[in-house]
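Here, each number is a calculation from the coordinates, and none is a lab measurement. As the structure is a prediction and not an experimental result, all values here were calculated from the model. Neighbour counts run over all protein chains shown; Cβ positions are idealised from the backbone, glycine included.
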Amino acid sequence: MTDEKNKPEAETPAEPAETLAEELSEEPAAQGEAQDPAQNSAMSEPDIAAIQAENADLRDRLLRAAAEMENTRKRAEREKQDAARYANAGFARDMLEVSDNLRRALATLKEEERKTADDSVKAMAEGVEMTERQLAAILERHGIKEITPKPGERFDPNHHEAMFEVPGTEHPTGSVVQVLEAGYKIGDRLLRAARVGVAKNEDGAQNGGKVDTTA
């Protein structure tokens, strides 16, 4: 009996390592499957409406940004063109004085005096005329146009400067009677207003009213 008590008990065979690993790996997966909620639930109408509103707002912002960029591009292009067009405005304004002096020189020589003048004076007058015409052509070629109103034309304060008034004329009150000095503009910008005399008749109310000299 002593031998039977002292006999060691039979050992429980150990589980293979692969089987234990499989059990450990399957257990969390099974637990995860049991804990995952349903994923196929449909979106509610308020959520859909909120997304649509956000998309519309983003689209509106995108269109506004594109329009602003286009306006900026056009404005920059217009400023570039204006800078090129009016770059020589100061030089052109100075050249107008040269043109005025040439015309004054020609005006001092009357037509009758020119006919009786000697050849040297005639040649000089012709040279001044040619120079004045050439200068006028150059100015026009560079976009500088002359403003010379005709007698009877309505006074325009945007392009004319009234130097004096002439009473008792055949032209309506407020119309140009005489041009003292031609005006000029470059593109749409005024370089110098034409200096004129305007009519002022006693019956001005019937013939056009008071002269408006304000631009």
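Projected over every direction and averaged, the convex hull enclosing the alpha-carbon atoms of the range 73-215 yields 11.2 nm². Say the dipole of the range 89-142 comes from +1 at the beta carbon of Lys and Arg and -1 at that of Asp and Glu; which of Leu109, Met130, His142 then lies farthest toward its positive end? Comparing the listed Cα positions along the dipole, His142 ranks first. Which entries in the list Lys110/Lys145; Lys110/Lys150; Lys80/Lys185; Lys80/Lys145; Lys115/Lys150 go over 25 Å, if you measure between the two C-alpha atoms of each? Lys110/Lys145; Lys115/Lys150, as the Cα separations exceed 25 Å there. Calculated on the Cα set of the range 147-207, radius of gyration then Dmax: 11.7, 38 Å. Neighbours of Phe164, meaning other residues whose beta-carbon lies under 14 angstrom from its beta-carbon, give a summed charge of -1 when Lys and Arg score +1 and Asp and Glu score -1.
Here, the range 89-142 is characterised by an Rg to Rh ratio of 1.07, where Rg is the alpha-carbon radius of gyration and Rh the Kirkwood radius.
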